[in-house]
Amino acid sequence: MEEEAKSFLKTYSLIFTSLSYSYFIVSKIPPGKFRLFSLLPIFTLFTILPFSFSSVLLAGITALFITWLGNFKLLLYAFNHGPLSNHQPIKNLSFLQFLLISAFPIKIKDPFTRIRKPTSKFLPLNFWSETLIFSIFVGICDFYKQNLNHGLIFVIYCCMLYLFIDIIMSVSNTIVGSIMGFELFPPSDEPYLSSSISDFWGRRWNLMVTDILRHTVYKPTRVFLSNYIGRDWASVISVIAAFVVSGLMHELIFYYMARVSPSWEVTWFFVLHGLCVVLEFCLKKVLGRKLGLHWVITGPLTVGFVMGTGYLWFFPPLVMNKVDVRAIEEAMTLYEFIKGKLKKML
């Protein structure tokens, strides 16, 4: 625990220094290839930083926040696009704002709207209830996994993945929102209520990743290809390209966590879903409202399809390399550490 704490401080000190360079020096360079070239050392550093950790959770979180989202935001920044550019709601970002937006998976709704109480949800989940449920699942997997049905364990893993991502991104929203005083987009929008595959990936699941892929992959690819093959075909290829990039980035994150060569199952998982999104768009265009089935039918089918394909291609690389076991052990170690500190304080 102490060694990981030292690695954490060292790693995030490097991130602070890198973003300081990006703000104070790179910002003086005109947007374009020269600014992009000046950011290449930062891209390289951010790519190797997850190797600083032996913890699968810290490596995974750093890979998601910094290696993927941080690098992609800086890539957009090189051309004066994205959340760090002068075209965003907040003009002329302060250093603190630049730092927070770069390092955390957040998106500002409206810089002039103070944080308000969120609207009611289908399920009354918040940070504390999600943390409680996640802790219960961790305890079940730690103590009773050997006695549980394999299918039930998989369902628990799906729930834990959703809860874990939502928790860490909600923490990010809380920290950044409290400091900046602006309303932020939620990390997800009840993905278990998705009515279709496109609804799941485009409007409900992990919205920060969806947004960054839309601006770094989908839109540039569509604009470039529209001049050659037309807007419709350009949109099709752009959707698939976004899913391919997402798959490759997940392979990289899994590599940081497991430290074994990728099996490419995760990439195929995302390619399949990209093809399904394209097929859905085509069917809707041809059939129109005739395809409008009730959510009672489409909802379970969508969630079932995501979980079923996840069972076949997304989770096997993690389970095969015992990343799930190590993650649960780390969560229990963290729990015992916090419990011990609280006892000393009391």
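The values are calculated or read from the model by the stated rules, or taken from the named source; none is laboratory data. These numbers were taken from a predicted model, which means no experiment stands behind them. Glycine also receives a Cβ, built like all others from the backbone with ideal geometry; neighbour counts cover every protein chain displayed. Accessible surface is based on the protein model in full, side chains and every heavy atom, while ligands, DNA and RNA are left aside. Shrake-Rupley method; radii C 1.70, N 1.55, O 1.52, S 1.80 Å.
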Exercise. Taking the stretch 240-265 on its own, how many of its residues are without any contact (Cβ under 8 Å) to a residue 12 or more places away in the chain and assigned to a helix (DSSP H, G or I)?
Worked result: 1
Exercise. List, please: which pairs have Cβ atoms under 7 Å, are six or more places apart or on different chains, and start with a residue in the stretch 11-28 that is of a type in the set (Val, Ile, Thr) and end with one that is in a helix (DSSP H, G or I)?
Worked result: THR11/LEU49; THR11/SER52; THR11/THR62; ILE15/ILE66; ILE15/ALA103; VAL26/ARG35; VAL26/SER38; VAL26/LEU39
Exercise. Based on what the data block shows, is ILE115 within 18 Å of VAL209 (Cβ to Cβ) and either of a type in the set (A, V, I, L, M, F, W, C) or modelled with pLDDT of 85 or more (or both)?
Worked result: no
Seminar exercise, completed: Subset of the stretch 229-259, residues among the hydroxyl-bearing types (Ser, Thr, Tyr) and touching a Gly at 6+ places or on another chain (Cβ under 6 Å), comes to none
Seminar exercise, completed: Taking the stretch 160-211 and keeping only residues that are charged (D, E, K, R), open to solvent by less than 30 Å² (accessible area, probe 1.4 Å) and in contact with a Ser or Thr (Cβ under 8 Å, 6 or more places away or on another chain), one is left with ASP166, GLU183, ASP199
Exercise. Out of (1) farther than 30 Å from MET320 by Cα; (2) buried (at least 19 other Cβ atoms within 10 Å of the Cβ), what's the single condition that is false for MET249?
Worked result: (1)
Seminar exercise, completed: Checking THR44, THR67 in turn, the sole residue that is at pLDDT 95 or above, of a type in the set (Val, Ile, Thr) and surrounded by fewer than 12 Cβ atoms within 10 Å (Cβ to Cβ) turns out to be THR44
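Residues are listed down the side, and each one gets a yes or a no for (1) farther than 30 Å from PHE137 by Cα; (2) at pLDDT below 90; (3) among the hydroxyl-bearing types (Ser, Thr, Tyr):
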| site | (1), (2), (3) |
| --- | --- |
| VAL245 | yes, no, no |
| SER261 | no, no, yes |
| VAL296 | no, yes, no |
| LYS343 | no, yes, no |
Problem set entry | Flag for LEU279 being open to solvent by less than 90 Å² (accessible area, probe 1.4 Å), of a type outside the set (Lys, Arg) and part of a helix (DSSP H, G or I) | no
For this session: From (1) part of a helix (DSSP H, G or I); (2) surrounded by fewer than 17 Cβ atoms within 10 Å (Cβ to Cβ); (3) in contact with a Pro (Cβ under 8 Å, 6 or more places away or on another chain), pick out the condition that doesn't hold for PRO317.
Result: (2)
Exercise. With respect to the numbered conditions (1) within 12 Å of the chain's Cα centre (by Cα); (2) open to solvent by 50 Å² or more (accessible area, probe 1.4 Å), which one is the sole condition not fulfilled by HIS215?
Worked result: (1)
Exercise. Got a number for residues in the stretch 203-239 being within 28 Å of ILE168 (Cβ to Cβ), in a helix (DSSP H, G or I) and among the hydrophobic types (A, V, I, L, M, F, W, C)?
Worked result: 7
For this session: Pull up the stretch 70-89, narrow it to residues that are touching a Leu at 6+ places or on another chain (Cβ under 8 Å) and open to solvent by 50 Å² or more (accessible area, probe 1.4 Å), then point me to the one that is nearest to ASP211 (Cα to Cα).
Result: LEU75
For this session: Output the number of the condition that PRO31 fails; it satisfies all remaining conditions of (1) under 22 Å from TYR256 (Cα atoms); (2) in contact (Cβ under 8 Å) with a residue 24 or more places away in the chain.
Result: (1)
Exercise. Checking TRP268 against (1) open to solvent by less than 80 Å² (accessible area, probe 1.4 Å); (2) touching a residue at least 12 places away in the same chain (Cβ under 8 Å), which test does it fail?
Worked result: (1)
Exercise. Taking the stretch 177-199, which residues are aliphatic (A, V, I, L, M) and either closer than 28 Å to GLY274 by Cα or in contact with a strand residue (DSSP E or B) (Cβ under 7 Å, 6 or more places away or on another chain) (or both)?
Worked result: LEU184, LEU193, ILE197
Exercise. Can you name the residue in the stretch 25-41 that is among the hydrophobic types (A, V, I, L, M, F, W, C) and farther than 28 Å from ALA5 by Cα and is also least open to solvent (accessible area, probe 1.4 Å) among such residues?
Worked result: VAL26
